[in-house]
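Take a look at the structure below.
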């Protein structure tokens, strides 16, 4: 009989938790285990790992082969037991690649909306402002549109 030490899934839908078990390798993922050796809860912060290392080593001594994931969990548990800085397990997260077109457009929209308003306010003088103030807002040698209208009316 070939024995593997691997994870079996327990927990509710979309709330996974795992048991570390010794099981015949021909059985299904959630088949009846020979022995429960620990558990792993990836949803807690940081992830909870509890392993009975004596039992795991006893099964390995009998010829059981641990899965890659169990080997990683055992290494993490050993670091935590040794008092070293325990490394939190890596969780499957969304890719940090480029944002979707919709998200990029949404992020760009507020910046493009603010710019036209700011330039419109800076260019247009306040209504009812005297021509001197309007021309003072303009650069030297430039005549404001309101001042040009006043000079045409005076000249006509």
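List of remarks:
- Subset of the stretch 61-84 (residues that are surrounded by fewer than 19 Cβ atoms within 10 Å (Cβ to Cβ) and not in a helix (DSSP H, G or I)): 62, 63, 65, 67, 83, 84
- Screening residue 43 with (1) exposed (fewer than 13 other Cβ atoms within 10 Å of the Cβ); (2) not in a loop (DSSP other than H, G, I, E, B) gives one miss only, at (2).
- Residue list for the stretch 1-40, filter: within 23 Å of the chain's Cα centre (by Cα) and assigned to a loop (DSSP other than H, G, I, E, B): 13, 14
- Inter-residue pairs, beta-carbon under 7 Å, first at negative phi and in the stretch 43-55, second in a loop (DSSP other than H, G, I, E, B), 6+ apart: 46/88; 47/88; 47/89
- Within the set 95, 50, the sole residue that is at pLDDT below 95 and in a strand (DSSP E or B) turns out to be 50.
The values are calculated or read from the model by the stated rules, or taken from the named source; none is laboratory data. From a predicted model like this one, the values you see are computed outputs, not experimental measurements. All Cβ positions, glycine included, derive from the backbone under ideal geometry; neighbour counts span all protein chains shown.
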